[in-house]
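I have placed the structure first, in the form of structure tokens, so that the comments after it can refer back to it.
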Amino acid sequence: MLLRILIFILILPIIGGCKMKAHQNQTNENGDTTTTEATMTLSSTAFKNDSAIPQRFSCQGEDISPMLTWSSAPEETKSFALVIEDPDAPNGTFIHWVIYNIPSSEHGLAENIARRDPLPNGARQGTNSAQQLGYMGPCPPAGKAHRYYFKLFALDTEINIPGEATHDKLMSTIQGHILAKGEIMGTYQKK
């Protein structure tokens, strides 16, 4: 597993990941507020940014999570959080995955993450828009392709969410703790 992640990190520049900058306001000892920027690269071996997600990772396939890797997290990162959003869903944005407290020592997520909470590495999973725990692959209605945004956040703390962890609770809790962001977008059209 570690070997697979290391190989992927080495080929990352070849397959192309997606970078996203985060702006974080910080106050120094003099009370001055400054804005810092950090960029992370988020990639997948399953698909390139702005391309089709293979059927295997959808409801029409095995419905397993794709392998993801990231790099360039700030040194002060204490944990990571990841969400997958489908803004093209008929009834508003559909959340496909909420996972947080991914240890700062991790540089990716393996393919086919178990749908349980907590995970062996201490990461926690919340419920998706179908009220299910863990990953739910793309499953749009017939018609046009939908966009799936995989959004990674490097955080300056571990997150405590009482009760059921949802996308809204996670996003509210991490405000003010985001050190950097990374994003990759894949598409899926029902066959």
**OP:** Considering (1) surrounded by 15 or more Cβ atoms within 10 Å (Cβ to Cβ); (2) in contact with a Leu (Cβ under 8 Å, 6 or more places away or on another chain), say which one residue 116 fails and leave the rest.
**Re:** (1)
**OP:** Return only the number of the condition from (1) crowded, with 16+ Cβ neighbours inside 10 Å; (2) out of contact with any Gly (no Cβ under 8 Å at 6 or more places or on another chain); (3) not in a loop (DSSP other than H, G, I, E, B); (4) not small (Gly, Ala, Ser) that residue 168 does not satisfy.
**Re:** (1)
**OP:** Being over 30 Å from residue 105 (Cβ atoms) and in a loop (DSSP other than H, G, I, E, B) is the filter here, so list the residues in region 136-158 that pass it.
**Re:** 139, 140, 141, 142, 143, 144, 145
Subject >> Residue count, region 119-143 (criterion: loosely packed, with under 15 Cβ neighbours inside 10 Å and touching a His at 6+ places or on another chain (Cβ under 9 Å)) >> reply: 1
Original post:
Taking residue 58 and the conditions (1) of a type outside the set (Phe, Trp, Tyr); (2) farther than 21 Å from residue 171 by Cα; (3) surrounded by fewer than 21 Cβ atoms within 10 Å (Cβ to Cβ); (4) touching a residue at least 40 places away in the same chain (Cβ under 8 Å), which numbered condition does it fall short on, given that it satisfies the others?
Top reply: (3)
**OP:** Residue by residue through region 71-102, note down the ones that are aliphatic (A, V, I, L, M) and over 12 Å from the mean Cα position of the chain (by Cα).
**Re:** 73, 89
Original post:
In this structure, is residue 173 of a type in the set (S, T, N, Q), without any contact (Cβ under 8 Å) to a residue 60 or more places away in the chain and outside any loop (DSSP other than H, G, I, E, B)?
Top reply: yes
Subject >> Members of region 71-96 found to be touching a helix residue (DSSP H, G or I) at 6+ places or on another chain (Cβ under 9 Å) and not acidic (Asp, Glu), listed by number >> reply: 71, 81, 83, 93, 95
**OP:** Mind listing whichever residues of region 42-64 are hydroxyl-bearing (Ser, Thr, Tyr) and within 15 Å of residue 149 (Cβ to Cβ)?
**Re:** 43, 44, 51
**OP:** Check whether at least one residue in region 182-190 is polar (S, T, N, Q) and in contact with an Asp or Glu (Cβ under 9 Å, 6 or more places away or on another chain), and report yes or no.
**Re:** yes
Original post:
Scanning for something modelled with pLDDT of 95 or more and aliphatic (A, V, I, L, M), does region 26-40 turn up at least one residue?
Top reply: yes
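The values are calculated or read from the model by the stated rules, or taken from the named source; none is laboratory data. Bear in mind that the values here come from a model prediction, so they are computed numbers and not experimental data. Note that each Cβ is placed from the backbone with ideal geometry, even for glycine, and that neighbours are counted across all protein chains shown.
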